[in-house]
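Here is the structure we will look at, set down as structure tokens.
The values are calculated or read from the model by the stated rules, or taken from the named source; none is laboratory data. It should be emphasised that the depicted structure is a prediction, and the values quoted were computed from it without experimental measurement. Cβ: placed from backbone, ideal geometry, glycine included. Neighbour counts: every protein chain shown. The accessibility values were calculated without ligands, DNA or RNA, using every heavy atom of the protein model including side chains. Shrake-Rupley method; radii C 1.70, N 1.55, O 1.52, S 1.80 Å.
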Amino acid sequence: MTNQSLHKPIRKAVFPVAGLGTRFLPATKAIPKEMLPIIDRPLIQYAVDEAREAGIEQFIFVTGRGKVALVEHFDTAFELEATMNERGKSLAPLAETRIQPGNLLTVRQQVPLGLGHAIWCARAIVGDDPFAVILPDELMVGKTGCLRQLVDAYDKVGGNIISALEVSHDEVSSYGVIAPGEREGALTKVTGLVEKPKRDEAPSNLIVSGRYILQPEVMHILGVQEAGAGGEIQLTDAMARMIGKQPFNAVTFDGRRYDCGSKLGFVEATIALALERPDMANDVRALLDKFSN
Ligand code: G1P
């Protein structure tokens, strides 16, 4: 249980959501890519719900221009609620979106200098607390949520924890890659990290999969960090510099991951989640059968 842990609890999560979403144009011309829905919930809501399950209380969105809808989504919608009330419609789908007053905070990234820079933009709100990072593009579905799995490990070993999963060797160049050390169950010691290495230079096929628990010192490193892979300030490079100074582990995620930053991954996630929904599963299966004949 979190409250029995010797380690400072994780209550803050940073969501880097300033990206332009160019891969989904023109859908993302006027709405943030994180507002694209998987069935009836926008991607950002899956990420926020995963954070809530892990005990997160403060939600920090690193946003940019044109991202106001993300904040609106978690606000009260007075007129909508009043109208639905009048019509006797259930408010449940709206109630589940709301974040407590004062607990959704936003900072602007202003210039797209990379993931590391985005996280650094949240430094004043993070302060001296350990914090989580969730990349909403990576949709992680498990019986226990991915961040919850990380927090459970953190409660035991503290320090820095990242989520990991194996991909084929041909895919490693698209990710942060882990040099793995000793393994114990789902926990692997991290002895090195490289952002987007060439296939032949990758230390393994174990990749960083978009969930992090980090100690606040990473902010100091990010503040003086030079550009790395792709000319961007990389979170992976800053984390690599903490290895050896602080405990650093990876948790192999027990669940399924959908890369919703790609169109195919998005379609896959939509089908997979629809098949898990009791209100739709049978109809969706029938629909898929129709296409497979
Ligand atoms: C980012 C991180 C990378 C991580 C990936 C997971 O890369 O920099 O280390 O493996 O997310 O999706 P991006 O997808 O922004 O290029």
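Taken over region 104-204, the alpha-carbon convex hull comes to 145 cubic angstrom per residue. For Phe248, the amide hydrogen comes within under 5 Å of the amide hydrogens of Asn160, Val190, counting only partners 5 or more places away or on other chains and with H modelled in the peptide plane. Helix by helix, which DSSP H runs in the chain go 15 Å or more along their axis at the Cα atoms and have an average Kyte-Doolittle hydropathy of 1.0 or more? Correct list, ordered by number: 263-276. Under Stokes-Einstein, with the Kirkwood radius over Cα pairs as Rh, the value for the chain at 37 °C and 0.692 mPa s is 164 µm²/s. Given in Å, the Rg to one decimal and the Dmax to the nearest whole number for the Cα atoms of region 58-102 are 12.5, 37. Length gained on full extension, Ser173 to Val111, computed as 0.36 nm times the residue gap minus the Cα-Cα distance: 19.9 nm.
Working note: 222 nm ellipticity from helices only, DSSP H runs with n ≥ 4, each -39,500 (n - 2.57), summed and divided by the residues of the chain, gives -8500 deg cm²/dmol to the nearest 500. Its Cα centre serving as origin, the chain has a Cβ charge dipole (Lys and Arg +1, Asp and Glu -1) of approximately 280 debye.
Accessible area per residue was computed with a 1.4 Å probe on protein heavy atoms; Asp129 scores about 40 Å². With only Cα atoms counted, region 12-141 has Rg and Dmax values of 15.2, 48 Å. Cross-link pairs exceeding 22 Å between alpha carbons, from the set Lys198/Lys245; Lys33/Lys263; Lys156/Lys189; Lys29/Lys263; Lys29/Lys89; Lys143/Lys290: Lys198/Lys245; Lys29/Lys89; Lys143/Lys290.
The P(r) of region 134-181 has a tail past 15 Å containing 57 percent of all C-alpha pairs.
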